[in-house]
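Below you'll find the structure, written out as structure tokens, and then a few comments.
What follows is calculated from the coordinates using simple rules that are stated; it is not laboratory data. All values reported here derive from a predicted model rather than from experimental measurement. Backbone-built Cβ (ideal geometry, glycine too); neighbour counts: all protein chains shown.
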């Protein structure tokens, strides 16, 4: 899923891994994060468990990862833009 040559590093906050497109400064666009454990507040994707955050070309997406509680509830959105 992660393009070859992207740089892997720990996330700035929380548990998980961040992959950055080569040549992009921290905070820039062009990264994928796998956040473990979810957050204590926010929407169902963020509080339900692990999730993936992708940012590229000015677009940002949050997607529930395996084990996130929203995946077992068809009434909950599994992706947020």
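Give me the distance between the Cα centres of segment 59-81 and segment 1-36, rounded to whole Å. A separation of 20 Å, based on Cα centres.
Listing 81, 62 from fewest to most neighbouring C-beta atoms within 10 Å gives 81, 62. Secondary-structure-derived ellipticity at 222 nm for the chain, considering helices only, amounts to -500 deg cm²/dmol, per-run term -39500 (n - 2.57) for DSSP H runs with n ≥ 4.
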